[in-house]
Amino acid sequence: MLGVHHPLVKSIRKAVQRGARTEDGFAVAEGFHLLEEAIAANLRIAAILATPTAAARLPDNIPPVHLVEESTLHQISSVETSQGVLSLVAVEEHPLGALFHRAPLVIALDGIQDPGNAGTIIRSAEAFGSTGAVFLKGSVSPWNPKTLRASAGSLFRLPFALAEWEEFHREMQKRQIALYSAHPRAKSRIDQVPLHGACAILIGSEGRGVPPDHERHAIGVRIPTTGVESLNAALAAGILLYEARRQRS
């Protein structure tokens, strides 16, 4: 049974604290659901840590399980109440160009800091037929355990890339892809812009929105609201992606 000072446990704890991958490049996926999703997506699972009680519920066709005490798992988990199982999963990023195939519908996270919002945006992107997601520099890591959990497995399936703004913008220009940005005071409503064509949608940070020097390269789009000026970033992204899906249908 592994203790808190075991190298594997220390590596996982460090990754969780940093909100990133382990030094070996594996994402920390917590809970039974993410393990099941990783298996279904045929992703490489490097290791599984589980309490004896949780280990008894695991399927047979999985990598060797390292047993840990509940107290040990509690010390390294990112959740208050752990399900008793934690997996190291190989979740790879894609080249930026791989996201722009067929009629691209790309969601770009531009400064999104909250991992819950980021994961929810990725889940909506998969649900509404996005061809991929871009995590622009300054956004939360896609490998943050809380981002993975909020995506409910969508990060295992939806292609995503990490990029600097300059690289992303050059790709938009080269491929002649329309770039839109969510803004509560934009002139155009979401039903007045052609989201059925090749496009990318910028979703800015929760507090400041899309940076002004990025926004000037995009077409502003607003979601009509009553009584409130702006919406939560993840909610706004979901509505824009739904409208894109509606137009494409």
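Considering only residues that are in a helix (DSSP H, G or I) and farther than 17 Å from H183 by Cα, which ones fall in the range 234-249? Working first, answer last.
We begin by selecting, within the range 234-249, every residue in a helix (DSSP H, G or I); these are 234-248.
Once the filter is applied, which keeps residues that are in a helix (DSSP H, G or I) and farther than 17 Å from H183 by Cα, the range 234-249 yields R245, R246, Q247, R248.
Would you check if there is a residue in the range 153-166 being surrounded by 16 or more Cβ atoms within 10 Å (Cβ to Cβ), more than 30 Å from A40 (Cα to Cα), at pLDDT 95 or above and within 23 Å of the chain's Cα centre (by Cα)? Break it down stepwise before answering.
Of all residues in the range 153-166, those surrounded by 16 or more Cβ atoms within 10 Å (Cβ to Cβ) come to 153-156, 158-163, 165.
From what is left, the residues that are more than 30 Å from A40 (Cα to Cα) are 165.
Those still in the list that are at pLDDT 95 or above too: 165.
From what is left, the residues that are within 23 Å of the chain's Cα centre (by Cα) are 165.
For the range 153-166, residues surrounded by 16 or more Cβ atoms within 10 Å (Cβ to Cβ), more than 30 Å from A40 (Cα to Cα), at pLDDT 95 or above and within 23 Å of the chain's Cα centre (by Cα): present.
V210 versus (1) surrounded by fewer than 18 Cβ atoms within 10 Å (Cβ to Cβ); (2) at pLDDT below 95: which is the lone unmet condition?
V210 satisfies every listed condition except (1).
Tell me yes or no: at least one residue of the range 77-90 is under 27 Å from E167 (Cβ atoms) and of a type in the set (G, A, S).
Kept after step one, since they are under 27 Å from E167 (Cβ atoms), are these residues of the range 77-90: 89-90.
Those left that are additionally of a type in the set (G, A, S): 90.
Checked the range 77-90: at least one residue is under 27 Å from E167 (Cβ atoms) and of a type in the set (G, A, S).
Report every pair of residues separated by at least 6 positions or lying on different chains whose Cβ atoms are under 6 Å apart, first residue within the range 75-100 and among the aromatic types (F, W, Y), second not in a loop (DSSP other than H, G, I, E, B).
F100/R175
With (1) closer than 18 Å to F135 by Cα; (2) out of contact with any helix residue (DSSP H, G or I) (no Cβ under 6 Å at 6 or more places or on another chain); (3) of a type in the set (A, V, I, L, M, F, W, C) as the list, and I239 as the residue in question, which single condition is left unmet?
Answer for I239: the failing condition is (1).
Within the range 171-193, identify whether any single residue is outside the structural domain of N42 (by TED's automatic domain parsing), among the small types (G, A, S) and free of Cβ contacts under 8 Å to residues at least 40 places away in the same chain, and answer yes or no. Explain how you work it out, then say what you get.
Filtering the range 171-193 for residues outside the structural domain of N42 (by TED's automatic domain parsing) gives 171-193.
Now drop any that are not among the small types (G, A, S), which leaves 178, 181-182, 186, 188.
Keeping just the survivors that are free of Cβ contacts under 8 Å to residues at least 40 places away in the same chain gives 186, 188.
Yes, some residue in the range 171-193 is outside the structural domain of N42 (by TED's automatic domain parsing), among the small types (G, A, S) and free of Cβ contacts under 8 Å to residues at least 40 places away in the same chain.
Look through the range 173-182, keep the residues that are hydrophobic (A, V, I, L, M, F, W, C) and at pLDDT 95 or above, and return whichever of them is farthest from H214 (Cα to Cα). Steps first, please.
Start the filter on the range 173-182 by keeping residues that are hydrophobic (A, V, I, L, M, F, W, C), which leaves 177-179, 182.
Among the residues that remain, those that are also at pLDDT 95 or above are: 177-179.
Values: I177: 15, A178: 13, L179: 10 Å.
Looking at the filtered set, the residue picked out is I177.
Check off (1) at pLDDT 95 or above; (2) in contact with a helix residue (DSSP H, G or I) (Cβ under 8 Å, 6 or more places away or on another chain); (3) surrounded by fewer than 23 Cβ atoms within 10 Å (Cβ to Cβ); (4) not assigned by TED's automatic domain parsing to the domain that holds A236 for D114 and give me the number that stays unchecked.
(4) is the only condition that D114 fails.
Would you tally the residues in the range 210-231 being over 17 Å from A108 (Cβ atoms), touching a residue at least 40 places away in the same chain (Cβ under 8 Å) and of a type outside the set (A, V, I, L, M)?
Going through the range 210-231 one residue at a time, the tally reaches 4.
Can you name the residue in the range 9-25 that is free of Cβ contacts under 8 Å to residues at least 40 places away in the same chain and over 18 Å from E93 (Cα atoms) and, of all such residues, is nearest to the chain's Cα centre (by Cα)?
Going through the qualifying residues, I end up with R18.
Select, from S181, S151, S230, the only residue that is hydroxyl-bearing (S, T, Y) and in contact with a strand residue (DSSP E or B) (Cβ under 7 Å, 6 or more places away or on another chain).
S181
On the basis of being within 21 Å of S124 (Cα to Cα), surrounded by 13 or more Cβ atoms within 10 Å (Cβ to Cβ) and at pLDDT 95 or above, does I219 make the cut? Before you say what the answer is, go through the steps one by one.
Values: within 21 Å of S124 (Cα to Cα): no; surrounded by 13 or more Cβ atoms within 10 Å (Cβ to Cβ): yes; at pLDDT 95 or above: yes.
No; evaluated as a whole, the condition is false for this residue.
Here is a check on your reading of the model: is R157 closer than 21 Å to A103 by Cα and free of Cβ contacts under 8 Å to residues at least 24 places away in the same chain?
no
Pick from the range 99-111 the residues that are of a type in the set (A, V, I, L, M, F, W, C) and either part of a strand (DSSP E or B) or modelled with pLDDT of 95 or more (or both): which of them is farthest from L235 (Cα to Cα)?
My answer is L99.
The values are calculated or read from the model by the stated rules, or taken from the named source; none is laboratory data. Remember, it's a predicted structure, so these values are computed and weren't measured experimentally. We place every Cβ from the backbone using ideal geometry, glycine too, and count neighbours over all the protein chains shown.
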